[in-house]
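Written below as structure tokens is the structure these notes are about.
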Amino acid sequence: MLNATIILMPKRIAVVPGDGIGKEVIPTALDVVRSSGAEVEFTSFDWGADRYLIDGTTVPADGFQMLARDFDAIFVGALGDPRVPSNIHAKEILLGMRFKMDLYANVRPVRLLDASLCPLKNATPQDIDFTVIRENTEGVYMDMGGNFKMGTPDELATQEDINTRKGVERVIRFAFEYARANGRKKVLMSDKSNVMTYAGGLWQRVFKEVAKEYSEIQTQHMFVDALCLQMVREPRSLDVIVTNNMFGDIITDLAAALQGGLGMAASGNIHPGRTSMFEPVHGSAPPIAGKNIANPMGAILTAAMMLAHLGLGAEARKIESAVLDAVRQRKMTVDVGGSMGTQECASWIAERTAAL
Ligand code: NAD
Ligand code: IPM
Ligand code: MN
């Protein structure tokens, strides 16, 4: 009989801290991952505004192929710096990963960890527990459009909203598969088909068609303006939401507020079976960067989401419990009502993780 030994290779993770508070929160999240005992290997890349301002590099040649070939996941902080007003580096790095690596589903879980964090009156963790699946490769983000007679009183600007059958169908199917895999009961599709009739019509038809394959999952439709109202008035009714790129961007900042703010929100940019990218929902927050006040929990919860995606569920759960303990014991930063600095908060979570 062959005496088989299973050798577990560490998961290879590319890390791009990026700009602003990304450079503060990402290293703390790496420490928390290490303290979970996860078998991972980090390789950091200096892509971001500093590098761009030094040598004009946003993403080196073949950068995306290298990420897909050599890594199991990518962990990104945030991109955006006032010294680069065109935001070209953020576009090429962040949107570059999403588009060129075809990470078509942006998964943004919305979970209230403790009632004290929520700005809504009397809301409990049971009331706020849903997931937004945002289309991540199309829509107005494709940057198609143009200007005519720029700078004159007759100036005209267009911005195209691109929706392909393939793109709409795969993200809607992803939402149903996500619901099925996570014991969720309902998928709500949100659009603005009362005004954006062509794109909305496509989303409506495809949603109805794909839904037939998932008869055990309930379906619902809401216009995105009504959905914003619902998110505040009756968030408990929400389960899985699927929507386009721009609406998904907007509603997930609102959803972040329900969880305590942008400092608490996690996300993953997924293409099943391919190297996917994980990033907190927040940006580089230039006004608070470098002051040791940014909330590291969004980045830490994002790291946990990445570990779960890589099959390291036990380590992910330890990190999530440690964050929950930190919230309950108010070991938090000032944005969520605590008094700790970024480092202190993250170190507390790392120690707690190691002890679990
Ligand atoms: P932002 O998320 O950086 O900040 C919005 C507000 O939330 C600010 O008040 C900020 O102080 C606060 N905030 C955000 N994260 C926080 C944290 N971890 N702890 C405490 N407070 C936090 O959004 P913005 O101000 O609209 O954008 C700033 C820059 O970031 C821009 O260049 C923008 O394009 C970029 N951006 C990048 C990403 C990304 O890389 N994924 C996401 C959003 C914005
Ligand atoms: C997000 C951000 C990005 C987006 C920006 C920085 C391009 O707001 O990830 O939510 O609009 O997708
Ligand atoms: Mn956003």
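The values are calculated or read from the model by the stated rules, or taken from the named source; none is laboratory data. This is a predicted model, so every value here is computed, not measured. FYI the Cβ positions are ideal-geometry reconstructions off the backbone, even for glycines, and counts take in every protein chain you see. To get the accessible areas, we keep the full protein, side chains included, count just its heavy atoms, and leave off ligands, DNA and RNA. Shrake-Rupley method; radii C 1.70, N 1.55, O 1.52, S 1.80 Å.
Data for the structure
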read-out: Only listed residue being closer than 19 Å to I133 by Cβ, buried (at least 24 other Cβ atoms within 10 Å of the Cβ) and in contact with a Ser or Thr (Cβ under 7 Å, 6 or more places away or on another chain), chosen from T243, T353; value: T243
read-out: Subset of the stretch 274-321 (residues that are part of a helix (DSSP H, G or I), more than 16 Å from ligand 2 (Cβ to nearest atom) and among the polar types (S, T, N, Q)); value: S321
read-out: Any chance A38 is touching a helix residue (DSSP H, G or I) at 6+ places or on another chain (Cβ under 8 Å), more than 16 Å from ligand 2 (Cβ to nearest atom) and not aromatic (F, W, Y); value: yes
read-out: Residues of the stretch 23-74 classified as under 21 Å from N106 (Cα atoms) and in contact with a strand residue (DSSP E or B) (Cβ under 6 Å, 6 or more places away or on another chain), total; value: 6
read-out: Close pairs from the stretch 172-185: first closer than 18 Å to D129 by Cβ, partner open to solvent by 70 Å² or more (accessible area, probe 1.4 Å), Cβ under 7 Å, at least 6 apart; value: K185/Q218
read-out: Entirely in the stretch 1-111, the strands (runs of 3 or more DSSP E) that have 3 or more residues that are closer than 23 Å to K291 by Cβ; value: 11-18, 73-78
read-out: Members of the stretch 264-273 found to be more than 9 Å from ligand 2 (Cβ to nearest atom) and assigned to a strand (DSSP E or B), listed by number; value: G268, I270
read-out: Selection from the stretch 88-104 of residues that are closer than 12 Å to Y52 by Cα and within 13 Å of ligand 3 (Cβ to nearest atom); value: A90
read-out: Matching strands (runs of 3 or more DSSP E) fully within the stretch 120-221 where at least 2 residues are over 19 Å from N245 (Cα atoms); value: 145-148, 156-159
read-out: Test: V224 is within 20 Å of N136 (Cβ to Cβ), touching a Phe, Trp or Tyr at 6+ places or on another chain (Cβ under 7 Å) and away from ligand 2 (no atom under 16 Å from the Cβ); value: no
read-out: Residue match in the stretch 13-24 (condition: open to solvent by 60 Å² or more (accessible area, probe 1.4 Å) and more than 19 Å from M277 (Cβ to Cβ)); value: no
read-out: Residues satisfying the stated conditions in the stretch 114-130, i.e. open to solvent by less than 20 Å² (accessible area, probe 1.4 Å) and more than 16 Å from the chain's Cα centre (by Cα); value: L117, C118, A123, I128
read-out: Residue that is nearest to ligand 1 (Cβ to nearest atom) [pool: residues in the stretch 245-300 that are of a type in the set (S, T, Y) and under 12 Å from R108 (Cβ atoms)]; value: S267
read-out: Those residues of the stretch 61-107 which are more than 15 Å from ligand 2 (Cβ to nearest atom) and open to solvent by 10 Å² or more (accessible area, probe 1.4 Å), in sequence order; value: A61, D62, F64, Q65, M66, A68, R69, D70, F71, D72, R83, D102
read-out: Which numbered condition I250 misses (of (1) farther than 18 Å from V171 by Cβ; (2) within 16 Å of ligand 3 (Cβ to nearest atom)); value: (1)
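Rundown of residues vs (1) at negative phi; (2) under 19 Å from the mean Cα position of the chain (by Cα); (3) among the aliphatic types (A, V, I, L, M), yes/no style:
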site	(1), (2), (3)
F45	yes, no, no
Y52	yes, no, no
D55	yes, no, no
V59	yes, no, yes
Q65	yes, no, no
I74	yes, yes, yes
G77	yes, yes, no
E92	yes, yes, no
L95	yes, yes, yes
